[in-house]
Amino acid sequence: MRPFTYESLSSVKEAASRSESGSAFIAGGTTMVDLMKLEVLTPEQVVDITQLPMRGIELGADGLRIGAMERMSDVAAHPTVLADYPAVAESLLKSASPQIRNMASIGGNLLQRTRCGYFRDISTPCNKREPGSGCSAFDGENRNHAIFGTSPLCVATHPSDLAVALAALDAELRLESGAGGRVVKLDDFYLLPGETPEKENVLAPGELITEVRIPRLDWARRSTYLKVRDRESYEFALTSAAVALNIDGDQIRDARVAVGGVGTKPWRLPAVVQSLVGKSVNRETFTQAAALAAEGTRPLRHNRYKIELVQRTITRALMNLGGLV
């Protein structure tokens, strides 16, 4: 790890003033410190934002609001989140380890960097880490890489479980800087790699995620997050699915579906949703809808298995909600 200066601030305006090149914000530090040790990140100044007033978990008329500095473990255990948005609680509980969840912030989780081994190995080319150097994963070891949203310059998966659940539930992010604030949909917050894989989101210099907003959705109480991984704990997703169903009798009135472990960002599946709406709750409905998840995939040499696996993951999550297993 290279030497750096450290400063702790207590206001968003102060933090925005430290946005010059070479500075980096730190909250829980569960991702950034690792990357600093690997010298993937080499900030000259580390700005501690743990004292910023970006806390609170509150359900209002317009939905749920979660402060970006709330800890993952606290949000996962909150009675309102557990009762009204179980997919969010489940996505958090299936992330990392209890020790990390007790440290990591909600905002930091959404901003964590890819776990692509080539990104984290500074001896190998990586366009995300060093633009123009090449993508080692494209023709290398790519078993864990993306099948949605890739480009010839980057095939790295987005690592956040929480972001998948939030994408399914149409969440928004409140962003603030010294110049003011704005609200963006989470689905618009993350950028596809395209020709600029080093640009992962729409944050401007000095801008912070201050709040997560999940719209009021009464039937989100029937939601879940299913994660498939090589081992049961402390592992990133091979595939995952966040789903919610609005069921009236045995008819599906509405649905939400997003998947993780397969995309360069949390991946929504509108064709799967459209296939579900108006259908009866049964295995055939769920299997036929999940089959549409294959549309638009771009598998690589080692990760073609993810096409069938993500279909099966969606089917199982839907069957869990439909009471068929």
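FYI, it's all coordinate maths here, none of it is from the lab. Predicted model, so just to flag it, every value in this text is computed and none were measured. Neighbour counts are summed over all protein chains in view; Cβ atoms, including those assigned to glycine, are modelled from backbone coordinates with ideal geometry.
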Next on the checklist: If I go through segment 184-212 residue by residue, how many of them are in contact with a helix residue (DSSP H, G or I) (Cβ under 6 Å, 6 or more places away or on another chain), polar (S, T, N, Q) and surrounded by 19 or more Cβ atoms within 10 Å (Cβ to Cβ)?
Outcome noted: 0
Checklist entry - Is it true that some residue in segment 278-285 is surrounded by 19 or more Cβ atoms within 10 Å (Cβ to Cβ) and under 26 Å from Leu186 (Cβ atoms)? => result no
Checklist entry - Does Glu7 satisfy the criteria of being assigned to a helix (DSSP H, G or I) and either in contact (Cβ under 8 Å) with a residue 12 or more places away in the chain or within 23 Å of Glu207 (Cβ to Cβ) (or both)? => result no
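Residues in segment 173-182: is at least one among the charged types (D, E, K, R), touching a strand residue (DSSP E or B) at 6+ places or on another chain (Cβ under 8 Å) and closer than 30 Å to Gln99 by Cβ?
yes
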Next on the checklist: Can you report the number of residues in segment 268-303 which are within 29 Å of Asp139 (Cα to Cα) and touching a residue at least 40 places away in the same chain (Cβ under 8 Å)?
Outcome noted: 10
Checklist entry - Residues Leu59, Leu64, Leu82, Leu38: which one is surrounded by fewer than 19 Cβ atoms within 10 Å (Cβ to Cβ) and closer than 22 Å to Ser240 by Cβ? => result Leu82
Checklist entry - How many residues are in a loop (DSSP other than H, G, I, E, B) and of a type in the set (A, V, I, L, M) if we restrict to segment 37-86? => result 9
Checklist outcome for this item: Of the residues in segment 218-258, those that are in contact with an Asp or Glu (Cβ under 8 Å, 6 or more places away or on another chain), among the hydrophobic types (A, V, I, L, M, F, W, C), within 24 Å of Val184 (Cα to Cα) and crowded, with 19+ Cβ neighbours inside 10 Å come to Ala220
Next on the checklist: Just to be sure I understand, how many residues within segment 87-99 are in contact (Cβ under 8 Å) with a residue 12 or more places away in the chain, more than 16 Å from the chain's Cα centre (by Cα) and either within 26 Å of Arg221 (Cβ to Cβ) or in a helix (DSSP H, G or I) (or both)?
Outcome noted: 1
Item to check | Residue tally, condition surrounded by fewer than 19 Cβ atoms within 10 Å (Cβ to Cβ) and closer than 25 Å to Cys154 by Cβ, over segment 308-325 | outcome: 2
Checklist entry - Is it the case that some residue within segment 207-216 is part of a loop (DSSP other than H, G, I, E, B) and under 30 Å from Phe138 (Cβ atoms)? => result no
